[in-house]
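Trainee: Let me give you the structure first, and then I'll get to my questions.
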Amino acid sequence: MTSRPLPQDPMIRALIAQARRAQVNRRTMLAGAGAGATALALAACSTGGAAAKPTPAADKSDTDKTLNWANWAAYIDEDDNGNYPTLVQFEKETGIKVNYEVAVDDNNTYYGKVKDQLALGQDIGADTVCLTDWMIARWIRFGYGQKLNHDNIPNLANLTPSLENPDFDPGREYSVPWQGGFAGICWNTEKVPGGLESVDDLWNPDLKGRVGVLSEMRDTIGLIMLQNGVDISGDWGDDEFTTANDILAKQVEDGQVRNIKGNSYLEDLKNEDTLAAICWSGDITVLNAEAGDKWQFAIPSAGGTIWNDNFIVPIGSPRKTNAETLINYYYEPEVAAEVAAWVNYITPVVGAKEAAIAIDPALADNQLIFPDEQTLSQTSIFRTLTPAEEQKYQAEFQRILLGS
């Protein structure tokens, strides 16, 4: 499969590059942090006991017009002065002052920092936080999220229908999507002029020691499982996972894989320590905008993964209504389009595509922001794991990280 370059207005590309320059990478390297970070991640995988679920905090939004929002780095629109234009407008419209914190560096490590407070029902310092589907599933399972009042989020009517009833949160009682994306493969078009079509192409001897993969287990192992013919959304178990995990372990042991990282894999691509990688879709558009048009993203021939990061209100937040007001604002199509133009990830908001045309008509053709049915048909959601599976599979994957 060959992938055509995605159209992008030069001005928009320049704005994106400026917004991201000098920012911390959105998903920080996990493996490179050493054994301490690995131990933290493993501890964070604990399935927990049978303790009583904590009680939601009393809402004081009527008298406290503030809000703390924890998110990943480079995951919102930003201007030359470090301001967030859509947030500035939200504050003007609502009178709610938002403290936006780049506080999430990895799903597991963030959870490891706040899980004890969550278990006690305490305020973790965030009134809403954006986390990936599988981590949201854990929070809901443990009772760490507050049930949303949909009356405060009328714009939820703009939610893409396919995202309305995920298995971890039917009816979206506790979570609302923020942005989504794909995991696939990418390569340096100057150094790998023939391109790549499949995950197996990453194991080509010509690329030995120049391949990177993600520290996000569901994406890296998910792509390998897809290459093996496994329906990662369907009925599979230990044998299928172990087979894929063993393939990765061998490639690491043989020196084919240079690094297992979070979003800092982009630095390896920039300095050409790696020439090809398992990667996240929107990052490659940004990389091209920042460092020259010489990287290509593609969904592998066997398929890619698709995921969403989601708003959730932590159990100890005393400002739930304020958080719901924020969520409602970002479900206005014009606002969603403005964010999408910067972050280059999939917006979950119906009507945002039409609104994006007013920003730049080329945005509406960008399959990384507004994928059509053909593109979506090439991707799969990594199925929700049971608590026991999650702990077992993450531990097996972490052993590879520790040894890499």
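Trainee: Using the Cα centre of the chain as origin and beta-carbon charges of +1 (Lys, Arg) and -1 (Asp, Glu), tell me which of GLN146, PHE382, ASN328 is placed farthest towards the positive end of the dipole.
Mentor: Looking along the dipole axis, the top candidate is GLN146.
Trainee: Right, something else. Viscosity 1.002 mPa s, temperature 20 °C: give me the Stokes-Einstein translational D for segment 98-156 in µm²/s, with Rh taken as the Kirkwood radius over C-alpha pairs.
Mentor: Taking Rh from Cα pairs, D becomes 168 µm²/s.
Trainee: If you don't mind, there's one more thing I want to ask. Dividing the Cα radius of gyration by the Kirkwood radius, what Rg/Rh value follows for segment 172-224?
Mentor: With Rh from the inverse mean 1/r over Cα pairs, Rg/Rh is 1.12.
Trainee: Percent relative contact order of the chain, based on C-alpha pairs within less than 8 angstrom and at least six residues apart?
Mentor: For the chain, the relative contact order is 29 percent.
Trainee: Using the Cα centre of the chain as origin and beta-carbon charges of +1 (Lys, Arg) and -1 (Asp, Glu), tell me which of PRO170, THR55, VAL104 is placed farthest towards the positive end of the dipole.
Mentor: Most positive-ward Cα: THR55.
Trainee: Suppose R0 equals 56 Å. What FRET efficiency, 1/(1 + (r/R0)^6) with r the Cβ-Cβ distance, do THR189 and THR63 give to the nearest 0.05?
Mentor: The computed FRET efficiency comes out at 0.50.
Trainee: Considering the convex hull of the alpha carbon atoms of segment 51-173, report its projected area averaged over all viewing directions, in nm², one decimal.
Mentor: Over every viewing direction, the Cα hull of segment 51-173 projects on average to 8.8 nm².
Trainee: Separate question: Out of ASP127, ASP372, ASP219, any idea which swings most in a Gaussian network model of the chain, alpha carbons joined below 10 Å?
Mentor: In this elastic network of the chain, the residue with the biggest mean-square fluctuation among ASP127, ASP372, ASP219 is ASP372.
Trainee: Could you state the orientation-averaged shadow area of the convex hull built on the Cα atoms of the chain, in nm² to one decimal?
Mentor: 18.1 nm²
Trainee: Report in % the part of the accessible area of the chain that belongs to carbon and sulfur, leaving out ligands and nucleic acids; probe 1.4 Å.
Mentor: 49 percent
Trainee: If you project the alpha carbons of segment 122-213 onto their three principal axes, what span does each projection cover, largest first, in Å?
Mentor: Its Cα atoms span 56, 31, 22 Å along the three principal axes.
Trainee: Taking all pairs of different Cα atoms in segment 154-267, averaging 1/r and flipping that mean, what Kirkwood radius in angstroms comes out? It would help to have the intermediate numbers written out before the result.
Mentor: Numbers: mean 1/r = 0.0607 Å⁻¹.
Result for segment 154-267, one decimal place: 16.5 Å.
Trainee: Only Lys, Arg, Asp and Glu count, each charged at its Cβ (+1, +1, -1, -1), so figure out the dipole size of segment 108-209 about its Cα centre, rounded to 20 debye.
Mentor: So the dipole magnitude of segment 108-209 works out to roughly 320 debye.
Trainee: Dipole size in debye (nearest 20) for the chain around its Cα centre, Lys and Arg Cβ +1, Asp and Glu Cβ -1?
Mentor: Values: 32 positive and 57 negative charges, 175 e Å.
That gives a dipole near 840 debye.
Trainee: P(r) for segment 233-368: what percent of alpha-carbon pairs falls in each 5 Å bin, starting at zero?
Mentor: 2, 8, 13, 14, 15, 15, 13, 10, 8, 2, 0
Trainee: Binning at 5 angstrom from zero up to the longest distance, how are the C-alpha pair distances of segment 290-366 distributed in percent?
Mentor: 3, 13, 17, 17, 17, 15, 9, 6, 3, 0
Trainee: Hey, what number do you get for the chain at 222 nm if only DSSP H runs of n ≥ 4 count, each worth -39500 (n - 2.57), divided across all residues, to the nearest 500?
Mentor: Helix contribution divided over all residues of the chain: -11000 deg cm²/dmol.
Trainee: With a probe of 1.4 Å, find how much accessible area the chain has per residue, and write the answer as a whole number in Å².
Mentor: 39 Å²
Trainee: Assuming R0 = 56 Å, can you tell me the calculated FRET efficiency for the pair ILE357 and GLU253, based on Cβ-Cβ distance, to the nearest 0.05? Mind showing how you got there, number by number?
Mentor: Values: r = 50 Å, r/R0 = 0.89.
Approximately 0.65, to the nearest 0.05.
Trainee: Please name whichever of LEU131, GLY282, ILE346 sits farthest to the positive end of the charge dipole of the chain, dipole taken about the Cα centre and charges placed at Cβ: Lys and Arg +1, Asp and Glu -1.
Mentor: LEU131
Trainee: Using the structure shown, select from LYS147/LYS353; LYS113/LYS353; LYS113/LYS270; LYS53/LYS261; LYS53/LYS320; LYS115/LYS270 the pairs with a Cα to Cα distance greater than 26 angstrom.
Mentor: LYS147/LYS353; LYS113/LYS353; LYS113/LYS270; LYS53/LYS261; LYS115/LYS270
The values are calculated or read from the model by the stated rules, or taken from the named source; none is laboratory data. All of these numbers come straight from a predicted model, not from anything done at the bench. Note that we place each Cβ from the backbone using ideal geometry, even for glycine, and neighbour counts take in every protein chain shown. Each accessible area value is taken on the protein alone, full model and side chains, heavy atoms only, with ligands, DNA and RNA left out. Shrake-Rupley method; radii C 1.70, N 1.55, O 1.52, S 1.80 Å.
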